[in-house]
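Inspection log for the structure reproduced underneath, given as structure tokens.
The values are calculated or read from the model by the stated rules, or taken from the named source; none is laboratory data. None of the values given here were measured: they were computed from a predicted structure. A quick note on method: Cβ atoms are made from the backbone with ideal geometry, for glycine too, and the neighbour counts reach across all protein chains shown. All accessible areas refer to the heavy atoms of the entire protein, side chains included, with ligands and DNA or RNA removed. Shrake-Rupley method; radii C 1.70, N 1.55, O 1.52, S 1.80 Å.
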Amino acid sequence: MRVSVIQMNQGSDKPANLDQARRLIEAAVEADRPGLVTLPETWTNLGGGRDSRRAAAEILPAPGGEGGPAYEMLRGLARTHGITVHGGSIIEDGGEKLFNTTLVFGPDGTEIARYRKIHLFDITAPDGTGYKESALYGGGSDLAFFEAGGIRFACTICYDIRFPELYLTLRRMGAEAILVPSNFTLQTGKDHWEVLLRARAIDTQCWMIAAASYGTYDERGTTRSVYGHSLIADPWGHVVVKCSDGIGWATARIDPKLTTRVRAGMPLEEHREAARAWRAKAGS
């Protein structure tokens, strides 16, 4: 199965962001014929402050219902091109709190997965810049999977990548490929982005599929930078494709035979099972 990671430079203008995403997806489909495309985290809005984020938020319908502009655009692109569209994440209007939410649509336009980001980005960067996602967003509590091209995919978002226990749980629940749409900051990205994705690929023996935002955006008069370098890593931890700087996309073939071969040659899950007695003894 061929998968395209879309790299965007979105801002606070939601209609412009939707247009950019549509153009990039259509170009990737025409050039590379992927069976699945994936967008970055909060591709409908980046920057502009609280009011901008709330204005970009959409109330999500029950599956099968009519949604907002981003929801319907994703569904329409999936149906028109007969592909699976993983919508990175959009801002969901949950009432008192917003949610950072992934939507996935199958080739017939049916919603097949929905995931709210579990781990919220409340950190202080090395340069002293503070980020507090929980001030505006609520955290999710449910895991999400979907099937496409005979492969079992799992959903995560950005900061989730720093929590290996989540990824090991997804592997134990049958994941073969894990999506990680992101807005990694420039500071954290240059030091940790590829290292973390390769580590989680090696830990779980899963494909890591990570579409990311690139470039600068305005946050209430302050210019902030996001790292980009969207990539796909294989279950051995090799980066098989990566986006250059700028907007665009990169496409790779996800090969289940490689997944099987890696897991058979180094049966990590069997070894973890064998070590349970030791862990139980250590905890007693």
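Quick notes on this structure:
- Mean separation of Cα contacts under 8 Å, 6 or more apart, over the residue count of region 105-167: relative contact order %: 31 percent
- ALA113 long-range amide H proximity, modeled H, under 5 Å: VAL104
- Exposed-loop-free span, longest in the chain, where GluC sites (Glu not before Pro) count as exposed if DSSP calls them loop and at most 11 other C-beta atoms lie within 10 Å: 97-284
- Nearest-ten-degree value, helix 14-32 long axis tilted from longest Cα axis of the chain: 50 degrees
- The mean sequence distance of close C-alpha pairs (under 8 Å, at least 6 residues apart), as a share of the length of region 180-284, puts its relative contact order at 23 percent.
- Computed helical MRE - 222 nm, the chain, DSSP H runs ≥ 4 contributing -39500 (n - 2.57), nearest 500: -9000 deg cm²/dmol
- In degrees, nearest ten, helix 194-204 long axis to first principal axis of the chain (Cα): 40 degrees
- Region 14-113, relative contact order [Cα under 8 Å, separation at least 6], %: 27 percent
- Nearest-10 value in Å² for the accessible area of VAL195, using the 1.4 Å probe: 100 Å²
- Label-to-label distance for ALA16 and LYS132 is 2.9 nm, based on points extended 7 Å past Cα in the beta-carbon direction.
- Antiparallel bridges, percent of DSSP beta bridges restricted to the chain (to nearest 5): 70 percent
- Spatially, region 1-39 and region 237-284 are offset by 26 Å when compared through their Cα centroids.
- Counting only Cα atoms, the chain measures 53, 44, 37 Å along its principal axes, largest extent leading.
- For region 213-284, Kirkwood radius (reciprocal of mean inverse C-alpha pair distance, Å): 16.2 Å
- Given charges at Cβ of Lys, Arg, Asp, Glu: the chain dipole, positive-most of LEU39, TYR167, ALA16: TYR167
- The apolar share of the surface of the chain, taken as the fraction of accessible area on carbon and sulfur atoms (1.4 Å probe, ligands and nucleic acids excluded), comes to 51 percent.
- Less than 5 angstrom separates the built amide H of GLU58 from those of ILE91, GLU92, ASP93, all sequence-distant by 5 or more or on a different chain.
- Per residue, the chain exposes 42 Å² of accessible surface when a 1.4 Å probe is rolled over the protein heavy atoms with every protein chain present.
- For GLY49, distant residues with modelled amide H under 5 Å away: ARG220
- Counting only alpha carbon atoms, the long axis of helix 256-265 and the longest principal axis of the chain meet at about 40°.
- Qualifying lysines (Cα of each under 28 Å from Cα of LYS117; at least 8 residues distant if same chain): LYS14, LYS97, LYS132, LYS190, LYS242
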